[in-house]
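Here's the structure we're looking at; comments come further down.
The values are calculated or read from the model by the stated rules, or taken from the named source; none is laboratory data. Please read these numbers as outputs of a predicted model, since none were measured by experiment. A quick note on method: Cβ atoms are made from the backbone with ideal geometry, for glycine too, and the neighbour counts reach across all protein chains shown. These area figures cover heavy atoms from the full protein model, side chains too; ligands, DNA and RNA do not enter into them. Shrake-Rupley method; radii C 1.70, N 1.55, O 1.52, S 1.80 Å.
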Amino acid sequence: MMGKRDQRRKRQQRRKRDREKKRLRVPQPILLHFPQSDHRIRVVIKPGTPREVQYLCQLYWEITDDGAWARRVSEIGAMHEVTASVYSASHALLLKSACVNCAEPIEVENRSWAARIAGAFLDRVNGTYRCWSCSAMQETDRHQEQERKTAEAQAKEERTARERAEKITRMWEREDAKCPSDSPSHLPASAASLLVLLAMCRYSGAAPNMSIPSLAALGPVGWTGDTEQDLQAVQDLYTDFLIALHPETSADALSIGDDGRVRYLAVYAQWRLIGGLSHAQQTAARCRHYVLAGTGQRAADLRTALKDLVVNMQVADVVTYLNGLLTNKYGYPSIPDTRRPELVDSIRLGLEHGYTTGQMICFAWRAADTAAGWKERNARMGPPEASSATVTILDNKVRDTIERRWPVPEYEPPKWQERPLALVPGQELLSAVRSVRSPQAISACEECDHQGFVEENKDGHSVLRRCLHTTPLPSQSVRNTSSNDSDDVPPIEDPVTK
């Protein structure tokens, strides 16, 4: 017989075991299978769901034996109430449509996704979709792959930038190391390159502590008024080691070619004279001496090219002035394109007869003023007709002045007119070339013969050289002592005629 104490101890132990069992019991979800004959979906209802919500889930997910939905949502109740309750309390597993990755039934939250994956009767074999876990894993893998590619691209970009910086640094070291001894002593590549070199020396003399501006900074007029010609001239000077890139050149003007070499955009590059201004002036003086006194076909061709280039710049300068005068002062349109050839021919005619650019500007001013006065007196004449008449008036004035030999004053171009930087040194050089071969200068010179040559003894042989006429003309009161005209300048030998 047990005592009361033993019975009480057993009751306490039994109650303790019951409490432990209740504490360890895990709520289990409610599983429903439809249809009863051939299961196509398994409905999982969350544990603890109220009975009325369980009933709604059963009505919502139930399908007939052929796989069709047993009832419409509207037959169950209000659409938003049914879907809100069902979506929060249950989901379904498509037993006929497995995940393409793990072969487990795909979980869906509503009828729409069930029909999209498993078809209208929920019996279609899936070949596209993944379950939620596999989709999440795939998204994670895709995100990691994207991060890997981004990191690789960033590393490649940093490596490319580092290599580019190293190549540009080495390029600048080579540019800084360029010296006058690297420049070959030969003829200028063209008349344009010679004039651009003279213009660069002129610019550096006025601004010794500044870089020589790029073609883009100079604008449309540039060095000679022709962008393509300026570009070629700058490249020739760079190739001949007469100019080099200035350290102030923007990084945007440099690029890496397909061959891995650093290239520069000549349009945006800034320049410096190799050896400084004094060395560049000496080089320009030697080239100038060759143009003045050089013999042979190449020297003659260079002088012809120089004349054509300077005359073209002068013509363009006068045309620019006349158009600016018509538009800025009178409010007329520019010279019509159909009459531009006639205008150019008239200006060339005046220049060929010895008139300077300043005198041709005077002709242009008089022609525009006459045309404006004619328009004021003629009411039927409009601004376009006045601009067109300017061409005819200028041509008549030039021809009449040539025939009557009237003096013409020289007018300075206005401040608003942009002029090519090589125009002034080009005019000075062309004037010196003409002066050397001028019959008046030859006849006034006491050192040369009637053809402008001086006989000298060189290495025991008698040779002729072109005289630069250091004897002033009778009309000159002061002798020109410019170092550029001095016979002390060492001439450049022509490799063709040497």
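Points to keep in mind about this one:
- Leading residue by the ranking (least open to solvent (accessible area, probe 1.4 Å)) among those in the range 29-67 that are closer than 14 Å to Ala114 by Cβ and charged (D, E, K, R): Arg40
- In the range 93-122, the residue that is least open to solvent (accessible area, probe 1.4 Å) out of those that are in contact (Cβ under 8 Å) with a residue 24 or more places away in the chain and of a type in the set (S, T, N, Q) is Ser97.
- Checking each residue in the range 252-299 for being of a type in the set (D, E, K, R) and under 14 Å from Met200 (Cα atoms) picks out only Arg272.
- Neighbours by Cβ (under 6 Å, 6+ apart or cross-chain): first from the range 66-87, in contact (Cβ under 8 Å) with a residue 40 or more places away in the chain; second open to solvent by 90 Å² or more (accessible area, probe 1.4 Å) and among the aromatic types (Phe, Trp, Tyr): Gly67/Phe121
- Residue within the range 372-383 that is part of a loop (DSSP other than H, G, I, E, B), open to solvent by 70 Å² or more (accessible area, probe 1.4 Å) and farther than 17 Å from Asn328 by Cα present: yes
Yes/no per residue for (1) open to solvent by less than 30 Å² (accessible area, probe 1.4 Å); (2) of a type in the set (Val, Ile, Thr); (3) within 30 Å of Ser181 (Cβ to Cβ):
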site: Gly275; (1), (2), (3): no, no, yes
site: Gln282; (1), (2), (3): no, no, yes
site: Cys287; (1), (2), (3): yes, no, yes
site: Gly294; (1), (2), (3): yes, no, yes
site: Leu302; (1), (2), (3): yes, no, yes
site: Leu322; (1), (2), (3): yes, no, no
site: Leu325; (1), (2), (3): yes, no, no
site: Asn328; (1), (2), (3): no, no, no
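- Those helices (runs of 4 or more DSSP H) of the range 123-236 in which 1 or more residues are open to solvent by 30 Å² or more (accessible area, probe 1.4 Å) and touching a strand residue (DSSP E or B) at 6+ places or on another chain (Cβ under 8 Å) occupy 132-177, 191-206.
- Cβ pairs under 6 Å, 6+ apart, first in the range 210-229 and in contact (Cβ under 8 Å) with a residue 12 or more places away in the chain and of a type outside the set (D, E, K, R), second in a loop (DSSP other than H, G, I, E, B) and open to solvent by 70 Å² or more (accessible area, probe 1.4 Å): Ser211/Glu248; Ser214/Tyr268; Ala216/Tyr268; Val221/Glu418
- Qualifying residue in the range 237-255 (condition: among the hydroxyl-bearing types (Ser, Thr, Tyr) and modelled with pLDDT under 85): yes
Residue-wise test of (1) modelled with pLDDT of 85 or more; (2) within 30 Å of Asp226 (Cβ to Cβ).
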residue	(1), (2)
Glu403	yes, no
Trp406	yes, no
Lys415	yes, yes
Val424	yes, yes
Ser435	yes, yes
Ser438	no, yes
Glu446	no, no
Asp449	no, no
Gly460	no, no
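- Yes/no for Trp365 being open to solvent by 40 Å² or more (accessible area, probe 1.4 Å), in a helix (DSSP H, G or I) and within 21 Å of Glu410 (Cβ to Cβ): yes
- Residues of the range 78-92 that turn out to be aliphatic (A, V, I, L, M), open to solvent by less than 70 Å² (accessible area, probe 1.4 Å) and more than 10 Å from Glu109 (Cβ to Cβ), as a count: 4
- Sole residue being under 48 Å from the mean Cα position of the chain (by Cα), loosely packed, with under 15 Cβ neighbours inside 10 Å and not in a strand (DSSP E or B), chosen from Pro409, Pro420: Pro409
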